[in-house]
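Before any comments, here is the structure.
The values are calculated or read from the model by the stated rules, or taken from the named source; none is laboratory data. Treat the numbers as computed from the prediction; the structure is a model and nothing was measured. As a convention, Cβ positions derive from the backbone with ideal geometry for all residues, glycine included, and neighbour counts pool all protein chains shown. The accessibility values were calculated without ligands, DNA or RNA, using every heavy atom of the protein model including side chains. Shrake-Rupley method; radii C 1.70, N 1.55, O 1.52, S 1.80 Å.
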Amino acid sequence: MQSKIESMVVPGVAELKPYQPGKPIEALKRELNIHQVVKLASNENPVGPSPKAIEAIRRMSLDFHFYPEGSAYQLKQRLSEVHQRDVTQITTGNGSDEIFGMILKCFVQSHHEVMASQYAFAAYAIATKAHNAKFVEVPAKAWGCDLEAMLHRINENTRVIFIANPNNPTGTWIDTESLRQFLKAVPSHVLVVVDQAYFEYMQTADYPNAADFLDEFENLLVTFTFSKIYGLAGLRVGYCLSSAKIADYLNRVRLPFNVNQVAQVAATAALGDEEHLACSLQTNQQGMLQLREGIAQLGWSSIEYTANFLTVEVPNAQAIDQQLLQQGIIVRPLLPYGMSNHLRITVGLKRENEILLNALNSLKEVQYD
Ligand SMILES: *Cc1c(COP(=O)(O)O)cnc(C)c1O
């Protein structure tokens, strides 16, 4: 019998290509039957989670038969102190990824358009298509957002613009003045979501915290995550700062217990761990230098050297990726982004960076294609 399922699925979902995450460490271990794997593929913190977060999890009540506190009370209290914002302006999510979907649920109907730049973080297009709205991709300028072009593409149906600052996978970023001018020029019927997943890694004076503009622009939302420098990607916690009005709507569609108890406790503790933060930053700065020099010696370069990853143009990305996998090293080929000559490499620990550079050096000897 002919299946009816295909004719029933909503069009946005039918054309959806699932997000391709970095290969999990355990998957490669099983495939190659090896024990040592170096994963530099998903921009995770190589230092690991904050010891304070681990300790808080150890100490927490194991009463897992009770539901978590849906409002994430303690976590929001801490976030409110850290960001000097009212708790009513905070929305917590099962990763910032979940919050993107919540924003669309609240504000985007099927005739509306959601905009992002070419090479923008893939989650925006996926969330939009899953929501069955129209995704508008604006051609990039020098791998980054062409803010002028984005402004030109706004029409009465444009509802949300997603901007990752800095962007993953290109590492490109928008400076304070450019962001402010852009926010000023965006009409008030368009929400601007600035995704600051790498905020804590950004040490450049000219890099803006978009949350500083919240009082000025009612249509602004800023997302953050515990998946990157806080080292809690596996627990899934992110949050959004916005006006209290927007946060109120977001919290109406939030699944009642979206952030689990373990994640709430760990994230709250991680926020207070200055030592872990400083150590992670320092490890990243040194690792970035090490990789930058090593890559330069190979005659290669990265689009940018921001946050905790490099986006390196190489002679044959697919072949190099495959050969690295054979050696137990996972990086991220960017073919799904239409960047067939680039590999994204997460800054690892000194030893991990060394292993990668040695492997790349040995590959240099062999033919790439
Ligand atoms: C890693 C990353 C995130 C984090 O997503 P979570 O769902 O919070 O893990 C968000 N945005 C960008 C651009 C990222 O690179």
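Before moving on, here are some points about what is shown:
- Each listed q (0.13, 0.24, 0.25, 0.27 Å⁻¹) maps to a log10 I(q)/I(0) for the range 252-323, found by the Debye formula over equal Cα scatterers with no solvent: -0.66, -1.05, -1.11, -1.21.
- Distribution of pairwise C-alpha distances over the range 178-287, 10 Å bins, in %: 12, 37, 34, 16, 1
- Span-like helix criteria (full DSSP H runs; alpha carbon extent of at least 24 Å along the helix axis; mean Kyte-Doolittle hydropathy of at least -1.0) are satisfied in the chain by 274-297.
- Where a label projected 7 Å from the Cα of N361 along Cα→Cβ would reach, residues of the range 298-323 with amide N under 13 Å: 298-299
- Ranked by the mean number of other Cβ atoms within 10 Å of their residues, highest first, the peptides 253-260, 112-119, 41-48 come out as 112-119, 41-48, 253-260.
- Among the protein heavy atoms, those of Y201 account for about 10 Å² of accessible surface (1.4 Å probe, every chain in place).
- Where the Cα pairs of the range 2-136 fall when distances are cut into 5 Å bins, in %: 2, 7, 10, 13, 14, 15, 17, 12, 7, 3, 1, 0
- With K and R counted +1 and D and E -1, the other residues having a Cβ less than 14 Å from that of D146 yield a net charge of 0.
- The gain in end-to-end length when the I5 to E216 segment is fully stretched comes to 71.2 nm, 0.36 nm per residue minus the alpha carbon separation.
- Furthest towards positive pole of dipole, L281, L235, S7, structure part the chain, Cβ charges: S7
- Under the Debye formula (equal points on every Cα, no solvent term), log10 I(q)/I(0) of the range 115-170 at q = 0.14 Å⁻¹: -0.33
- The chain: Cα Rg divided by the 2.2 N^0.38 Å rule of thumb: 1.01
- Cα gyration tensor of the range 256-369 - equivalent ellipsoid semi-axes, whole Å, descending: 31, 18, 13
- Only helices enter this figure: runs of n ≥ 4 DSSP H residues, each worth -39500 (n - 2.57), summed and divided by the residues of the chain, yield -11500 deg cm²/dmol at 222 nm to the nearest 500.
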